[in-house]
Amino acid sequence: MSGPVKRSITIAGHRTSVSLEPVFWTLLTEAAEREGKSIGGLVTSIDEGRAANLSSAIRTWLVERLRETAS
């Protein structure tokens, strides 16, 4: 397993950097495609309801989504 990868994305009209492990980048890309959104668009949605830092909020959102689809 490799460590976090930092990427710059635009959310809510501004650039920011997000660090996620490659598996989470893959899951995020797949989720954005399923929802018909860009990665930035999906992360903007996640950002609007977050209580933790952005990387943690993305990971939590992805895990919750996986749990929903598994049940």
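Since every read-out is calculated from the coordinates, none of them should be taken as a lab result. The structure presented is a predicted model; accordingly, all values stated were derived computationally and were not measured. Heads up, the Cβs are rebuilt from the backbone with ideal geometry, glycines too, and the neighbour counts pull from every protein chain shown.
Of note:
- Relative contact order [Cα under 8 Å, 6+ residues apart], the range 7-56, whole percent: 36 percent
- With a Förster radius of 30 Å applied to the beta-carbon distance between Ser2 and Arg34, the computed FRET efficiency rounds to 0.75.
- Residue-span extension gain [Glu21 to Ala51] - 0.36 nm each, minus C-alpha spacing: 8.8 nm
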